[in-house]
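J.: Would you mind keeping the following structure in view while I ask a few things?
The values are calculated or read from the model by the stated rules, or taken from the named source; none is laboratory data. Since the model is a prediction, treat every value here as computed from it, not as a measurement. Cβ placement follows ideal geometry from the backbone for every residue including glycine, while neighbour counts extend to all protein chains displayed. To get the accessible areas, we keep the full protein, side chains included, count just its heavy atoms, and leave off ligands, DNA and RNA. Shrake-Rupley method; radii C 1.70, N 1.55, O 1.52, S 1.80 Å.
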Amino acid sequence: LLDVFPTLCDLVGLDIPASVEGLSCVPCLSDNDRTNRESLYLAYESSIRGVRMGDMKLIEHAANGSRSTQLFDLAQDPHELDNLTVKSEFTDQVAEMRNELVRLRCEWDDESHPTGAAFWSQISADW
């Protein structure tokens, strides 16, 4: 949704205001291999934060004192049924994606928003 407004501006030939954080998807319409971002930050209320990098999607869930982590390969598992965090060969992938999640948290200043602050207060700093 972040990119809808700048894409519409681009399609109708209007300048995209400098205050808009999204990116136009118009260049991606003519080049299926092009992407606007290397990673995408995902947030849902105060209980979920995640990141998508390529075909991989990491989801961190924290609510009512409990936490869980899920990792999916969306190319192989588009319905997100096989949580790869239980497989030791994905330990480095989880760590890399958690690092990217924290980087994006800072980039988007998520901790300054009430739902972000509530989520991140439940996450241990040890990862």
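J.: Would you mind computing, in nm to one decimal, how far apart the modelled labels at residue 109 and residue 81 are, each placed 7 Å from Cα along Cα→Cβ?
T.: Here the modelled spin labels are 4.3 nm apart.
J.: If you don't mind, there's one more thing I want to ask. For the stretch 98-109, take each phi angle, set θ = phi - 60°, evaluate the Karplus expression 6.51 cos²θ - 1.76 cosθ + 1.60, and give the result in whole Hz per residue in order, putting x for glycine and proline.
T.: 5, 4, 5, 4, 5, 4, 5, 3, 5, 4, 8, 6
J.: Moving on. If I ignore ligands, DNA and RNA and count only protein heavy atoms, how much of residue 5 is accessible to a 1.4 Å probe, in Å² to the nearest 10?
T.: 110 Å²
J.: Here's something else I'd like to know. What number, rounded to the nearest 500 deg cm²/dmol, is the helix-based mean residue ellipticity at 222 nm of the chain, given -39500 (n - 2.57) per DSSP H run of at least four residues and division by all its residues?
T.: -8500 deg cm²/dmol
J.: Would you kindly find the accessible area of residue 57, with a 1.4 Å probe and non-protein molecules such as ligands, DNA and RNA excluded, rounding to the nearest 10 Å²?
T.: That residue has around 40 Å² of solvent-accessible surface.
J.: Report the gain in length on full extension from residue 15 to residue 68: 0.36 nm times residue separation, minus Cα-Cα distance, nm rounded to one decimal.
T.: Net length gain for the segment: 14.8 nm.
J.: What net charge do the residues around residue 78 carry, taking every other residue with its C-beta under 14 Å from that of residue 78, with Lys and Arg at +1 and Asp and Glu at -1?
T.: -3
J.: Let me ask something else. Need the full-extension length gain, residue 36 to residue 55, defined as separation in residues times 0.36 nm minus the C-alpha distance. One decimal, nm.
T.: So the chain would gain 5.4 nm between residue 36 and residue 55.
J.: Treating only the Cβ atoms of Lys and Arg (+1) and Asp and Glu (-1) as charged, compute the dipole magnitude of the chain about its Cα centre; round to the nearest 20 debye.
T.: 280 debye
J.: Return the carbon/sulfur percentage of the accessible area of the stretch 1-114, one whole number, probe 1.4 Å, all protein chains in place.
T.: 51 percent
J.: Where only protein heavy atoms count, and the probe is 1.4 Å, what is the accessible area per residue for the chain in Å²?
T.: Counting only protein heavy atoms, the per-residue value for the chain is 65 Å².
J.: Indicate the gyration tensor shape class of the chain (rounded, prolate or oblate), computed on the Cα atoms with a ≥ b ≥ c the square roots of the eigenvalues: a/c under 1.5 is rounded; otherwise a/b larger than b/c is prolate and the rest oblate.
T.: In terms of gyration-tensor shape, oblate.
J.: Simple spin-label model, 7 Å along Cα-to-Cβ: residue 26 to residue 47 in nm?
T.: The two pseudo-label positions are separated by 4.0 nm.
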